[in-house]
Amino acid sequence: MTTNFNKLLETFHGYLAGVDSALVRDAVARIAWDMPARSLDPHPLACVGHLDRAVELAPPDAKPLVRLVADQRNDLRWGQTYSEADFGKAFIDNYGWLEVLGMRGHFANDAVAAGLLILGPDIVYPDHHHVAEEIYIPLTGGTEWRMGEGGFHVRGAGEVIHHASNVNHAMRTGREPLLALYIWRGGPLAAKSTITGTVAQGRA
């Protein structure tokens with residue numbers, strides 16, 4: 001099967017266009033969707049093994065996008081911002097992102113970055129922050145999210161989660177993996193986050 005990258009962008013855009021959120025509508029409207037494609041070598045990671053379960057967990061409106069990414073996972077360029085030295089082997093083996101559009105993505109965009117994040121089960125993405133504003137939409141439910149000084153709260157698939165510039169936030173998966181769509185804008189699009197929380201994995 002030959003990967004149709006235009007179909008990936010079209011399906012990604014189509015899902016976002018159906019999200020009932022003023023914040024998301026504004027973000028989508030500000031993206032110039034007629035973007036040049038990049039020729040990127042595939043770079044699958046261990047975390048893409050969680051995509052089969054993500055297809056099962058995704059709600060009906062997200063399922064076409066999740067299934068497309070799962071079917072073409074080995075033709076896409078997955079990345080990691082961190083290394084084993086940062087968070088340990090358990091995290092790295094269960095973490096990765098796919099930048100659909102952005103400075104490093106399959107489609108070139110210098111103003112916004114958007115794609116998908118994978119976290120495997122029982123993984124803590126510790127408190128961190130970055131200059132860029134971030135919008136998350138979980139495509140699987142059950143993950144606990146924290147923002148600022150608040151506690152962890154389970155967020156459902158399809159909820160819109162907004163992290164303003166330099167606001168601390170963290171995620172903690174449970175028995176199921178997380179697949180989440182993200183949009184970064186208004187700051188350095190390829191910057192490494194500032195980690196402020198503990199990197200210990202698991203539920204002590």
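The values are calculated or read from the model by the stated rules, or taken from the named source; none is laboratory data. Quantities reported herein were computed from a predicted structural model and do not represent experimental measurements. Positions of Cβ are generated from backbone atoms using ideal geometry, with glycine treated the same way; all protein chains shown enter the neighbour counts. Just so you know, the surface numbers come from the protein's heavy atoms only, side chains and all, with ligands and any DNA or RNA stripped out. Shrake-Rupley method; radii C 1.70, N 1.55, O 1.52, S 1.80 Å.
Observations on the model:
- Of the set (1) within 15 Å of the chain's Cα centre (by Cα); (2) open to solvent by 80 Å² or more (accessible area, probe 1.4 Å); (3) of a type outside the set (S, T, N, Q); (4) closer than 18 Å to residue 120 by Cβ, all apply to residue 84 but (1).
- Pairs with Cβ under 7 Å, 6+ apart, first in segment 32-56 and at pLDDT 95 or above, second part of a helix (DSSP H, G or I) and open to solvent by 80 Å² or more (accessible area, probe 1.4 Å): 42/74; 44/74; 55/67
- Candidate set: segment 113-139, residues that are under 17 Å from residue 14 (Cα atoms) and in a strand (DSSP E or B); chosen: the one nearest to the chain's Cα centre (by Cα): 116
- Condition broken by residue 181, with the remaining ones in (1) out of contact with any Pro (no Cβ under 9 Å at 6 or more places or on another chain); (2) not in a loop (DSSP other than H, G, I, E, B) satisfied: (1)
- Qualifying residue in segment 94-103 (condition: surrounded by fewer than 16 Cβ atoms within 10 Å (Cβ to Cβ) and not hydrophobic (A, V, I, L, M, F, W, C)): no
- Just one of the listed residues (174, 105, 150, 156) is in a loop (DSSP other than H, G, I, E, B), on the phi < 0 side of the Ramachandran plot and at pLDDT below 95, and it is 150.
- Criterion applied to 138, 126, 121 was being crowded, with 19+ Cβ neighbours inside 10 Å, of a type outside the set (Asp, Glu), modelled with pLDDT of 95 or more and at negative phi, and the one residue passing it is 138.
- Per this entry, residue 40 is counted among residues that are in a loop (DSSP other than H, G, I, E, B) and either open to solvent by less than 70 Å² (accessible area, probe 1.4 Å) or β-branched (Val, Ile, Thr) (or both).
- Just one residue in the set 173, 196 is β-branched (Val, Ile, Thr), over 15 Å from residue 118 (Cα atoms) and either touching a Pro at 6+ places or on another chain (Cβ under 9 Å) or surrounded by 21 or more Cβ atoms within 10 Å (Cβ to Cβ) (or both); that residue is 196.
- Evaluation of residue 65 against (1) farther than 24 Å from residue 131 by Cα; (2) in contact (Cβ under 8 Å) with a residue 40 or more places away in the chain; (3) in contact with a Leu (Cβ under 7 Å, 6 or more places away or on another chain) (one fails), failing number: (3)
- Residues in segment 1-32 that are part of a loop (DSSP other than H, G, I, E, B), within 16 Å of residue 116 (Cα to Cα) and open to solvent by 50 Å² or more (accessible area, probe 1.4 Å): there are none.
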